[in-house]
Structure formats: structure tokens, C-alpha cells
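The structure appears below as C-alpha cells.
The values are calculated or read from the model by the stated rules, or taken from the named source; none is laboratory data. Please read all numbers here as calculations on a predicted model, not as lab measurements. A quick note on method: Cβ atoms are made from the backbone with ideal geometry, for glycine too, and the neighbour counts reach across all protein chains shown.
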Amino acid sequence: MPVENSRIPGFYKKTIDERLSLVRDLVGLTDEEVETLKAWGNLEPKIADAMIENVIGSMSYPFAVATNFRINGKDYLVPMVIEESSVVAAASNAARVMRRDGGIKATTTGPVMISQIQLVNIKAPYYAKMKIIEHKQEILDLANKQDPVLVKLGGGAKDLEVRVIDSPQGPMVVTHLIVDVRDAMGANAVNTMAEKVAPLIEKITGGKVYLRILTNLAEKRLARAWVKVYKEDIGGEEVVDGIVAASNFAWADPYRAATHNKGIMNGIIAVALATGQDHRALEAGAHAYAARNGRYMPLSLWEKDEDGNLVGSLELPIAVGLVGGAVKVHPVARIAIKILGVQTAQELAEVMAAVGLAQNFAALRALATEGIQKGHMKLHAKNIAIMAGAPPELADKIADIMVAEGKVRFDRAKELLEEISGKQ
């Protein structure tokens with residue numbers, strides 16, 4: 001039922017049970033629905049309530065492990081959290097045919113984040129730019145005083161860049177504070193530094209600072225992955241040609257590139273969710289990077305080498321951390337990191353890039369051969385059967401029938417369930 005009034009003073013001050021009771025009364029939740037929200041699973045209520053505001057319950061997603069991954073000569077079990085059918089199976093199957101020659105190769109450019117300090121009301125912006133550069137060391141020293149622990153670990157503010165940009169209200173002078181954040185994602189560290197140096201930049205230039213915050217276009221924190229897939233392992237050169245043609249379609253057309261990149265992010269975001277990373281930042285950074293040259297482009301490219309084998313490469317910003325945030329608070333995220341066995345944020349980024357490349361290959365291979373629906377549809381059909389009320393022992397049978405008929409629909413699942421149940 002619709003809410004008559006969503007204005008609830010002091011809602012955030014109430015206990016979880018009090019909030020849930022209010023919502024129950026406002027929207028007419030049943031006792032069963034209330035109990036479902038109170039099924040906290042592996043996240044304790046007190047932890048959930050500390051993580052975000054206005055908590056009334058918990059929601060679980062499947063936690064899976066992708067197998068077969070060999071990255072830089074090392075084997076990994078890769079934790080993935082995702083609701084989309086076939087993603088984990090596709091990643092595992094792709095990784096299986098990529099194990100030769102040490103598996104997928106991956107590297108990163110370092111854990112470097114950028115914080116932006118926006119300066120306005122400047123009459124001579126290019127002169128202001130030079131004044132900021134003149135005081136570069138003073139600015140860096142002040143920034144590093146904000147996080148002596150980070151500096152002690154070898155990180156901290158390392159450089160600054162200054163840009164003059166046009167805007168509807170005139171020129172802006174934007175200072176980029178370049179910070180090595182070590183094993184953190186780094187948002188808190190770089191934002192704190194930017195806020196502290198903003199008054200100094202105002203003093204140096206006579207301008208007015210408004211925004212001082214990181215950019216998720218983390219172009220100095222790139223992860224790269226590349227792999228050779230032997231033609232005989234995937235059905236021959238015709239399959240290679242089909243995948244290359246699909247890749248070139250994405251290169252030529254932003255409409256296709258958007259879906260091409262979504263397939264990459266299926267893998268990356270699933271690992272990010274499992275390990276407690278900021279997946280919204282990863283999505284924003286990836287898509288901004290794809291459009292950095294003025295046209296939206298694919299993040300990966302697949303080619304055929306001189307021997308007719310398939311070779312693929314991927315590059316995108318991946319800002320992740322092993323200290324701070326949900327990765328340390330959420331108990332399942334901690335378990336995921338243990339399963340994965342990564343020791344640094346850079347290693348985690350390398351794994352995520354490799355998973356993204358494998359996921360991309362799996363999607364293109366399916367599209368270029370049997371079509372994406374054949375493998376995906378069986379799992380989707382099983383979900384439909386369960387939604388229709390089929391018990392686990394009948395869900396596969398009903399799914400097989402619907403796929404064979406080409407009628408993967410809720411109403412057909414209900415009909416089949418009634419027919420099969422009636423015969424038993």
C-alpha cells in the first residue's frame with residue numbers, strides 16, 4: 001500500500017526493531033515479510049546498523065567461488081557475489097581454457113589516487129596555476145602532515161598537477177593532489193588532505209575553493225590484464241574470428257561497447273561485492289575511462305595473432321583496498337579475502353582485471369558461437385521454476401522442458417509444476 005507520509009522525525013535514532021515496526025505499519029508488511037527482513041544471516045544487526053543509517057533488515061546475495069583461475073603463474077579461488085545466472089560458471093569455464101603459459105597475465109601501475117581542489121573567482125588563471133606550482137612542496141608537506149602513518153608506510157602525497165578548465169561560469173583552476181595510498185582504497189586519506197590544503201591554495205592565489213574531493217577517474221591506478229587463448233582450445237580459428245569480429249563491433253559502436261563493458265564489469269563487480277569494495281566507484285571509474293578520449297570505447301580488445309590464436313588485453317582503473325571500509329567490517333568480506341589469498345591491494349586489482357577479461361571472453365565466445373541465451377537460459381529457467389514454487393528436486397526437470405520448448409515463462413513453469421506434481 002502507498003505511504004501516506006514518509007516524514008518520520010528521529011527515525012535514525014530508533015532501534016532496528018522500532019524502525020521495522022514503523023515501516024510494517026506504514027506499508028502493511030505481513031508477519032512473514034517482517035521475519036524475512038529479520039533473517040540477518042551472516043551479518044549481525046549491530047554491524048549492519050553501524051555500517052549505514054536507517055537499517056531495518058538484511059538482504060542476502062549468493063556467495064560463490066569461481067574455479068580454474070591461474071594469474072601470473074599462481075592459482076586462485078575467486079569469491080564472487082552476484083545474482084545474475086551463468087556469470088560464475090562462465091568465468092570458471094573461461095579460466096579453464098586460459099591456464100596455459102602461466103595463465104592470465106596482469107599488472108597494475110601502483111596504488112595512486114587523485115584528489116581535486118576546485119578554485120574559482122580567478123582573474124588570471126594561468127598565473128594562478130604557476131603560483132600553485134611554485135608552492136608545490138609547501139602544499140605536499142602540509143598534505144603529508146595529515147597522515148603520518150601513511151607516509152611512514154611509504155605512501156603519501158607525491159606530486160601535484162594543475163589544470164585550467166573552461167566552465168559555464170568561466171575558467172576554473174583545478175589542482176590534482178597525487179597520493180600513494182598503499183593498501184587502502186584511499187578516499188578518506190585523499191579527501192582529508194585536499195580539505196587541509198584548500199585554505200593554503202586560497203591564500204596563494206586569492207581565489208575561492210569549493211569542491212575538494214577525490215576523482216573516481218583513477219587514471220593513475222590502472223590495472224591491466226592480457227592472455228593468449230589457443231585456437232584448438234576453443235573450437236578453431238572460426239571461433240577466433242567470431243570473437244575478434246565481436247570485439248571490433250564494440251570498438252566501432254558505443255551502443256555495443258556499453259554492453260561489451262558491462263560483461264567485463266560482471267566479473268569485476270562480483271569480486272568487488274564479495275571482498276567489500278566500493279563497486280559504485282569502480283563502475284564510475286571504468287565507464288569514465290572508457291570515454292576519456294571523447295567517445296565511449298571498449299575497455300578490452302581481442303585480436304588474432306600470426307598463428308591464428310586469440311589474444312586479448314584489458315585496461316581500466318581499479319581502486320580497491322585491503323584496509324578500512326567494509327573489507328574490514330563485514331565478516332564475509334574478510335572470509336572472501338582469506339579465500340582469495342591476496343596480500344596487497346595491487347594483487348587484488350590484478351585478480352579483478354583478470355576476472356574481467358575472462359568474463360568478457362566468455363560472453364564474446366557465447367555471442368559469436370551458440371548465442372548468449374543457450375547457457376544462460378538454463379539457469380534462468382531454473383530460477384523461473386523455483387519462483388513458480390517448484391521444489392529443488394523438480395526445478396531442473398521443469399527448466400529442461402521449458403528450454404527445450406523455447407518457452408521459459410512463469411506461467412509455463414506453473415503449468416508444468418501442476419502436471420508433474422499431479423503424476424506423482
* For region 200-237, name all the residues that are surrounded by fewer than 19 Cβ atoms within 10 Å (Cβ to Cβ) and of a type in the set (Gly, Ala, Ser). => 206, 235, 236
* Criterion: assigned by TED's automatic domain parsing to the domain that holds residue 244, in a helix (DSSP H, G or I) and acidic (Asp, Glu) - qualifying residue of 347, 306 -> 347
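Here's the yes/no breakdown for (1) outside any helix (DSSP H, G or I); (2) in the same structural domain as residue 201 (by TED's automatic domain parsing); (3) under 20 Å from residue 272 (Cα atoms):
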{"residue": "39", "(1), (2), (3)": "yes, no, no"}
{"residue": "47", "(1), (2), (3)": "no, no, yes"}
{"residue": "70", "(1), (2), (3)": "yes, no, yes"}
{"residue": "75", "(1), (2), (3)": "yes, no, yes"}
{"residue": "91", "(1), (2), (3)": "no, no, yes"}
{"residue": "119", "(1), (2), (3)": "yes, yes, no"}
{"residue": "126", "(1), (2), (3)": "no, yes, no"}
{"residue": "129", "(1), (2), (3)": "no, yes, no"}
* Count - residues of region 119-160 that are more than 30 Å from the chain's Cα centre (by Cα), of a type in the set (A, V, I, L, M) and within 24 Å of residue 324 (Cβ to Cβ) -> 2
* Do you know which residues across region 261-318 are surrounded by fewer than 17 Cβ atoms within 10 Å (Cβ to Cβ), in contact (Cβ under 8 Å) with a residue 40 or more places away in the chain and among the polar types (S, T, N, Q)? -> 313
* Top-ranked residue of region 184-197 - restricted to ones that are buried (at least 21 other Cβ atoms within 10 Å of the Cβ) and over 24 Å from the mean Cα position of the chain (by Cα), ranked as nearest to residue 149 (Cα to Cα) -> 193
* Asked: Does residue 288 satisfy being closer than 21 Å to residue 112 by Cα, outside any loop (DSSP other than H, G, I, E, B), out of contact with any strand residue (DSSP E or B) (no Cβ under 9 Å at 6 or more places or on another chain) and among the small types (Gly, Ala, Ser)?
  -> no
* Taking only pairs six or more apart or across chains, which ones have beta-carbon atoms under 9 Å, a first residue in region 1-29 that is more than 15 Å from residue 45 (Cα to Cα) and in contact (Cβ under 8 Å) with a residue 12 or more places away in the chain, and a second residue that is of a type in the set (Ser, Thr, Tyr) and not in a helix (DSSP H, G or I)? -> 26/6
* Looking at 181, 81, 164, which is the one that is farther than 30 Å from residue 365 by Cα, touching a Pro at 6+ places or on another chain (Cβ under 8 Å) and buried (at least 22 other Cβ atoms within 10 Å of the Cβ)? -> 181
* To do: Using the structure shown, decide if residue 364 is of a type in the set (A, V, I, L, M), assigned to a helix (DSSP H, G or I) and either closer than 30 Å to residue 45 by Cβ or assigned by TED's automatic domain parsing to the domain that holds residue 260 (or both).
  => yes
* Out of all the residues in region 98-121, which are among the β-branched types (Val, Ile, Thr) and surrounded by fewer than 20 Cβ atoms within 10 Å (Cβ to Cβ)? -> 107, 109, 120
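Yes/no per residue for (1) surrounded by fewer than 17 Cβ atoms within 10 Å (Cβ to Cβ); (2) in contact with a strand residue (DSSP E or B) (Cβ under 7 Å, 6 or more places away or on another chain); (3) within 18 Å of residue 335 (Cα to Cα):
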| site | (1), (2), (3) |
| --- | --- |
| 39 | yes, no, no |
| 55 | no, no, no |
| 61 | yes, yes, yes |
| 76 | no, yes, yes |
* When you go through 294, 325, 341, 312 one by one, which is the residue that is at pLDDT below 95 and out of contact with any Pro (no Cβ under 6 Å at 6 or more places or on another chain)? -> 325
* Asked: Is it the case that region 13-28 has a residue that's outside any helix (DSSP H, G or I), under 30 Å from residue 328 (Cβ atoms) and not polar (S, T, N, Q)?
  -> yes
* Structure fact -> Given the conditions (1) modelled with pLDDT of 95 or more; (2) farther than 30 Å from residue 269 by Cα; (3) out of contact with any Lys or Arg (no Cβ under 8 Å at 6 or more places or on another chain), every one holds for residue 3 apart from (1)
* Asked: Out of region 1-44, which residues are of a type in the set (Lys, Arg) and over 27 Å from residue 327 (Cβ atoms)?
  -> 7, 13, 14, 24
